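Asker: Sharing a structure, written as structure tokens. Questions coming.
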Amino acid sequence: MKKFFNIALQKKTVLLAGHPLGNLIIAGISEMQGSTYNAMQLLTKFFHTTGKIYPSCDIPLTLHAVFTDGSEVAGESHLAEHQGMIERVYVTNTYNDQKPVASRKVVRRF
């Protein structure tokens, strides 16, 4: 199942090329269920997983990587295209400049 969720669409003509299939499934179900948390709970039941899965944040985030050469890449699907060592990573709010806040559901669990 892990391989299935990590399959990235390859054709450059495909609108969503480079995005892992698992992320697309989670994004679609999040829209249907109203939140990433609700989507993860549904997928947990669907795949009969043991344990719990909690999203780190309730809003869409963009992953950034800063490389040792000073270059920066935004978006998980673009990381593999860049050569070099990652110095640090951080996330930003995908849609605006508000600072991301950890999901209350995660904070209460730990």
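Asker: If I go through segment 57-70 residue by residue, how many of them are loosely packed, with under 12 Cβ neighbours inside 10 Å and of a type in the set (S, T, N, Q)? Quick ask: steps written out before the conclusion?
Answerer: Initial filter on segment 57-70 (loosely packed, with under 12 Cβ neighbours inside 10 Å): 68-70.
With of a type in the set (S, T, N, Q) added as a condition, the list becomes 68.
Qualifying residue count, segment 57-70: 1.
Asker: Which of the residues spanning segment 76-97 are over 12 Å from the mean Cα position of the chain (by Cα), within 25 Å of T36 (Cα to Cα) and modelled with pLDDT under 85?
Answerer: Of everything in segment 76-97, those that are over 12 Å from the mean Cα position of the chain (by Cα), within 25 Å of T36 (Cα to Cα) and modelled with pLDDT under 85 turn out to be H78, L79, A80.
Asker: Also: List the number of the failed condition for N96; all other conditions in (1) among the polar types (S, T, N, Q); (2) free of Cβ contacts under 8 Å to residues at least 24 places away in the same chain; (3) surrounded by 11 or more Cβ atoms within 10 Å (Cβ to Cβ) hold.
Answerer: Checking N96 against (1) among the polar types (S, T, N, Q); (2) free of Cβ contacts under 8 Å to residues at least 24 places away in the same chain; (3) surrounded by 11 or more Cβ atoms within 10 Å (Cβ to Cβ), the one that fails is (3).
Asker: Still on this model: Report yes if V73 is outside any helix (DSSP H, G or I), at pLDDT 90 or above, under 13 Å from the mean Cα position of the chain (by Cα) and of a type in the set (A, V, I, L, M), otherwise no. It would help to see each step written out before you state the result.
Answerer: Values: outside any helix (DSSP H, G or I): yes; at pLDDT 90 or above: yes; under 13 Å from the mean Cα position of the chain (by Cα): no; of a type in the set (A, V, I, L, M): yes.
Against the criterion (outside any helix (DSSP H, G or I), at pLDDT 90 or above, under 13 Å from the mean Cα position of the chain (by Cα) and of a type in the set (A, V, I, L, M)), V73 does not qualify.
Asker: Would segment 39-47 turn up any residue that is in contact (Cβ under 8 Å) with a residue 40 or more places away in the chain and either under 22 Å from K99 (Cβ atoms) or buried (at least 16 other Cβ atoms within 10 Å of the Cβ) (or both)? Break it down stepwise before answering.
Answerer: Applying the first criterion (in contact (Cβ under 8 Å) with a residue 40 or more places away in the chain) to segment 39-47 yields 47.
Within this subset, residues satisfying the condition of being either under 22 Å from K99 (Cβ atoms) or buried (at least 16 other Cβ atoms within 10 Å of the Cβ) (or both) are none.
There is no residue in segment 39-47 that is in contact (Cβ under 8 Å) with a residue 40 or more places away in the chain and either under 22 Å from K99 (Cβ atoms) or buried (at least 16 other Cβ atoms within 10 Å of the Cβ) (or both).
Asker: A further question on this structure: Considering only residues of segment 49-70 that are at pLDDT 85 or above and out of contact with any helix residue (DSSP H, G or I) (no Cβ under 7 Å at 6 or more places or on another chain), which is nearest to S103 (Cα to Cα)? Write out each step before concluding.
Answerer: Filtering segment 49-70 down to residues at pLDDT 85 or above leaves 61-70.
Restricting the remaining residues to those that are out of contact with any helix residue (DSSP H, G or I) (no Cβ under 7 Å at 6 or more places or on another chain) gives 61-62, 64, 66-70.
Working: L61: 12, T62: 16, H64: 19, V66: 25, F67: 28, T68: 30, D69: 33, G70: 31 Å.
The selected residue is L61.
Asker: Mind checking which residues of segment 87-107 are outside any loop (DSSP other than H, G, I, E, B), closer than 22 Å to N23 by Cα and either of a type in the set (A, V, I, L, M, F, W, C) or in contact with a helix residue (DSSP H, G or I) (Cβ under 7 Å, 6 or more places away or on another chain) (or both)?
Answerer: Hits for segment 87-107 are V89, V91, A102, K105, V106.
Asker: Can you spot a residue in segment 12-22 that is among the hydroxyl-bearing types (S, T, Y), modelled with pLDDT of 70 or more and in a loop (DSSP other than H, G, I, E, B)? Steps first, answer last, please.
Answerer: So the first thing to find is which residues in segment 12-22 are among the hydroxyl-bearing types (S, T, Y), and the list is 13.
Subset that is modelled with pLDDT of 70 or more: none.
Scanning segment 12-22, I find no residue that is among the hydroxyl-bearing types (S, T, Y), modelled with pLDDT of 70 or more and in a loop (DSSP other than H, G, I, E, B), so the answer is no.
The values are calculated or read from the model by the stated rules, or taken from the named source; none is laboratory data. As the structure is a prediction and not an experimental result, all values here were calculated from the model. Neighbour counts are summed over all protein chains in view; Cβ atoms, including those assigned to glycine, are modelled from backbone coordinates with ideal geometry.
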